[in-house]
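Report on the structure given below.
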Amino acid sequence: MKQNTKKYRIAICGYGNLGKGVESEISKNTDMELVCIFSRRTNLDIKTNVPVVQINELERWKDKIDMVILCGGSATDLPIQGPQFAKYFNTIDSYDTHAKIPEYYKNMEESAICGNNLSIISVGWDPGLFSINRAYMDSILPN
């Protein structure tokens, strides 16, 4: 059986606790390589083994990345960064402002379609795993 030798080129946007955790998990997967970290900070003194790039340089990386994992906050970061990145890259995020998910979905869909990319939103604990758990439990214990 032929084994897949392709390495998916991953970038992270945001380097707080979530971004650092994502970096750690990427390093444990032989089919992934971390290409760069995008940051909105002007002080790019982040301790990592990959280039740290300001967000305003994202277009320069278009053909060098397969997926950007967006690790910013749902309140202020993702509503701006999500559509901005979806225009140039496949993305995944953990957007969790429940009341605004339909609006965020619409904005992400428009940007991703414009760039011929795929964006997966609201993947995380809630919504995400908690939502699956709620659906599962509602099917067993509807009341």
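Let's see how each residue does on (1) farther than 17 Å from ASN90 by Cα; (2) surrounded by fewer than 17 Cβ atoms within 10 Å (Cβ to Cβ); (3) within 14 Å of the chain's Cα centre (by Cα):
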site: THR5; (1), (2), (3): yes, yes, no
site: ALA11; (1), (2), (3): no, no, yes
site: GLY14; (1), (2), (3): no, no, yes
site: GLU25; (1), (2), (3): yes, yes, yes
site: THR30; (1), (2), (3): yes, yes, no
site: PHE38; (1), (2), (3): no, no, yes
site: ILE46; (1), (2), (3): yes, yes, no
site: VAL52; (1), (2), (3): yes, no, no
site: GLU57; (1), (2), (3): no, yes, no
Please list, ordered by first then second residue, the pairs with beta carbon atoms under 7 Å, 6 or more apart or interchain, first in segment 113-132 and of a type in the set (Val, Ile, Thr), second assigned to a helix (DSSP H, G or I).
ILE121/TYR104; ILE121/TYR105; ILE121/MET108
For segment 42-78, which positions are touching a strand residue (DSSP E or B) at 6+ places or on another chain (Cβ under 9 Å), farther than 22 Å from GLY124 by Cα, in contact (Cβ under 8 Å) with a residue 24 or more places away in the chain and not hydrophobic (A, V, I, L, M, F, W, C)?
THR48, LYS64
Can you find a residue that is in contact with a helix residue (DSSP H, G or I) (Cβ under 7 Å, 6 or more places away or on another chain) and modelled with pLDDT of 95 or more anywhere in segment 20-32?
yes
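The values are calculated or read from the model by the stated rules, or taken from the named source; none is laboratory data. No experiment lies behind these values; they were computed from the predicted model shown. Cβ: placed from backbone, ideal geometry, glycine included. Neighbour counts: every protein chain shown.
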